[in-house]
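Below is one structure, written out as structure tokens; the observations come after it.
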Amino acid sequence: MIALDFLSGVEQLGEMIAEARVIVPFTGAGISTECGIPDFRSPGGLWTRNRPIPFDEFVASQDVRDEAWRRRFAMEATFAAATPGRGHRALASLYKAGKIPAIITQNIDNLHQASGFAPDHVVELHGNTTYARCLGCEKRYEIAWVKQRFDVERAAPSCTDCGEPIKTATVSFGQSMPEDEMRRAAELARHCDLFLAIGSSLVVWPAAGFPVLAQNCGAKLVIINNEPTDQDDLADLVIRHDIGETLGPFVRN
């Protein structure tokens with residue numbers, strides 16, 4: 001059901017939050033745009049300016065790896081300057097109040113952790129761009145270290161232990177989804193009584209199946225997104241409004 005107006009939608013959302021015992025949020029890029037991080041799919045988004053680099057191309061070509069890291073370094077100031085927005089802080093408030101056991105996110109910006117969620121309680125379906133890993137031995141590398149080596153060698157560095165490529169700890173096109181995170185997300189969806197899909201277009205599968213799974217297991221489904229989604233007809237409540245304004249009333253210091 002689409003909210004008749006913004007205020008009544010927020011009021012209804014508040015009632016559903018108050019009644020819920022276990023809330024599971026599922027967040028997409030829309031929750032971070034007010035923090036200065038552009039999304040990927042919208043007009044003017046990152047993927048309209050640069051073709052995404054598939055995983056197999058990254059692995060196969062040093063030139064492609066160099067380009068991928070150049071793009072990442074170009075975004076470093078944006079990611080470094082971003083701080084949690086009202087949506088992040090509202091969800092962190094509900095987490096600290098014991099309403100939210102963990103959060104599922106498609107985002108890679110680390111802002112849920114920065115807002116107060118314990119890292120173990122953030123299920124990152126698409127990884128995290130604030131650090132890197134070796135594709136061979138999975139050794140962790142900091143972005144600053146990769147940048148220093150890149151500037152010296154004029155090329156994306158390889159792992160100092162095993163020699164395999166180093167990549168941001170994100171999931172690229174053609175790369176397998178993380179099995180543990182997908183399993184945890186499914187468990188969370190099955191065992192909540194309120195599922196909040198926030199700022200996601202709900203077009204990326206299999207992740208877009210979690211709202212449906214939650215509802216099929218008895219949870220109420222709320223979708224908060226500026227634009228319509230393919231799952232709006234399924235939801236118990238749809239609020240098509242700015243996420244920060246919608247969730248702002250639920251921020252607690």
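The values are calculated or read from the model by the stated rules, or taken from the named source; none is laboratory data. Everything numeric in this text was worked out from a predicted model, so none of it was measured. A quick note on method: Cβ atoms are made from the backbone with ideal geometry, for glycine too, and the neighbour counts reach across all protein chains shown.
Report yes if some residue within region 58-75 is buried (at least 20 other Cβ atoms within 10 Å of the Cβ) and more than 23 Å from ASP151 (Cβ to Cβ); otherwise report no. The answer is no, given that none of the residues of region 58-75 is buried (at least 20 other Cβ atoms within 10 Å of the Cβ) and more than 23 Å from ASP151 (Cβ to Cβ). Inspect region 43-59 for any residue being modelled with pLDDT under 95, under 17 Å from the mean Cα position of the chain (by Cα) and not in a loop (DSSP other than H, G, I, E, B) and give the result as yes or no. Within region 43-59 (the criterion being modelled with pLDDT under 95, under 17 Å from the mean Cα position of the chain (by Cα) and not in a loop (DSSP other than H, G, I, E, B)), the answer is yes, since at least one residue qualifies. Filtering region 178-203 to residues that are surrounded by 14 or more Cβ atoms within 10 Å (Cβ to Cβ), of a type outside the set (Gly, Ala, Ser) and assigned to a loop (DSSP other than H, G, I, E, B) leaves PRO178, HIS191, CYS192, ASP193, LEU202. For ARG140, are the conditions met, namely being modelled with pLDDT of 95 or more and either surrounded by 14 or more Cβ atoms within 10 Å (Cβ to Cβ) or among the small types (Gly, Ala, Ser) (or both)? Answer is no for this residue. Restrict the check to region 154-167 and report whether at least one residue is within 20 Å of the chain's Cα centre (by Cα) and either surrounded by fewer than 13 Cβ atoms within 10 Å (Cβ to Cβ) or closer than 26 Å to ASP120 by Cα (or both). Yes, because at least one residue in region 154-167 is within 20 Å of the chain's Cα centre (by Cα) and either surrounded by fewer than 13 Cβ atoms within 10 Å (Cβ to Cβ) or closer than 26 Å to ASP120 by Cα (or both). The condition of being in the same structural domain as PHE195 (by TED's automatic domain parsing), in contact with a Pro (Cβ under 7 Å, 6 or more places away or on another chain) and not aliphatic (A, V, I, L, M) does not hold for SER93.
Regarding region 83-95, can at least one residue be identified that is out of contact with any helix residue (DSSP H, G or I) (no Cβ under 8 Å at 6 or more places or on another chain) and closer than 21 Å to GLY28 by Cβ? Let's see the steps before the verdict.
Pass one, region 83-95, residues out of contact with any helix residue (DSSP H, G or I) (no Cβ under 8 Å at 6 or more places or on another chain): none.
No: region 83-95 contains no residue that is out of contact with any helix residue (DSSP H, G or I) (no Cβ under 8 Å at 6 or more places or on another chain) and closer than 21 Å to GLY28 by Cβ.
Could you tell me whether region 79-98 includes any residue that is under 29 Å from ALA189 (Cα atoms), surrounded by fewer than 17 Cβ atoms within 10 Å (Cβ to Cβ), modelled with pLDDT of 95 or more and of a type in the set (D, E, K, R)? There is at least one residue in region 79-98 that is under 29 Å from ALA189 (Cα atoms), surrounded by fewer than 17 Cβ atoms within 10 Å (Cβ to Cβ), modelled with pLDDT of 95 or more and of a type in the set (D, E, K, R).
Cβ-Cβ contacts under 6 Å between residues 6 or more apart (or on different chains), taken from a first residue in region 160-177 that is closer than 11 Å to LEU135 by Cβ to a second residue that is of a type in the set (D, E, K, R) and assigned to a strand (DSSP E or B), are listed as ALA169/ARG133. Within region 21-32, being outside any strand (DSSP E or B) and crowded, with 20+ Cβ neighbours inside 10 Å holds for GLY28, ALA29, GLY30, ILE31, SER32.
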